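Here's the structure, in structure tokens; my notes come after.
Read the figures in this text as sums done on the coordinates, not as results from a lab. Keep in mind the model is a prediction, meaning the values are calculated, not measured. Reconstructed Cβ throughout: ideal geometry from the backbone, glycine too, with neighbour counts over all protein chains shown.
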Amino acid sequence: MEEIKPLAVYTTTETQKVLRISESTIKRMLKKGLIRANKVGGQYRILGKEILRLVSPALEEKAIKSYLNVKGKVINKVNKW
């Protein structure tokens, strides 16, 4: 696997390959703002530091906390039924 350079600019296709995700997943991530990108000539460009942020342990911890929070809310709603 190629090293991700923080200041390099990547296309969505290159980012897909690095993250090993599908085209629909990257589109969904862009639409929801999970990946910050700039649109240039109708196409997204993603900085390497943004890709590195996605694979960082801090982001994973945040996702886990968010998941557990939502899971707790769902359990509380279901238990009230």
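Quick one: length gained pulling N76 to K27 fully straight, 0.36 nm per residue minus the C-alpha distance?
Net length gain for the segment: 14.4 nm.
Suppose every K and R has +1 on its Cβ and every D and E has -1 on its Cβ; what is the size of the dipole of segment 9-80 about the Cα centre, in Debye to the nearest 20?
On the way: 17 positive and 5 negative charges, 80 e Å.
For segment 9-80, the charge dipole is close to 380 debye.
Give me the net charge of I51's neighbourhood, meaning all other residues with Cβ under 13 Å from the Cβ of I51; Lys, Arg count +1, Asp, Glu -1.
So the surrounding residues net to +3.
Using a Gaussian network model of the chain with C-alpha springs under 10 Å, which one of I26, I51, I64 is most mobile by mean-square fluctuation?
I64
Would you mind telling me which residue in S56, S22, S66 has the biggest mean-square fluctuation in a Gaussian network model of the chain, where springs connect alpha carbons within a distance under 10 angstrom?
S66
If you take the charge dipole of the chain about its Cα centre, with +1 on Lys and Arg Cβ and -1 on Asp and Glu Cβ, which of G72, T13, V40 is farthest toward its positive end?
With unit charges placed on the Cβ atoms, the residue in question is G72.
Eight or more residues apart or on different chains, and alpha-carbon atoms under 24 Å: count the Lys pairs in segment 30-81 matching that.
Total qualifying Lys-Lys pairs in segment 30-81 comes to 20.
Taking 25 °C and 0.890 mPa s as the conditions, I'd like the Stokes-Einstein D for the chain in µm²/s, using the Kirkwood hydrodynamic radius from alpha carbon pairs.
171
To make sure I understand, if each residue's beta carbon is the centre and we count other beta carbons within 10 Å, what order do Y67, Y10, Y44 fall in, fewest to most?
Y67, Y44, Y10
Helix 57-80 versus the longest principal axis of the chain: what angle, 0 to 90°, nearest 10, using Cα atoms?
Roughly 30 degrees, rounded to the nearest 10.
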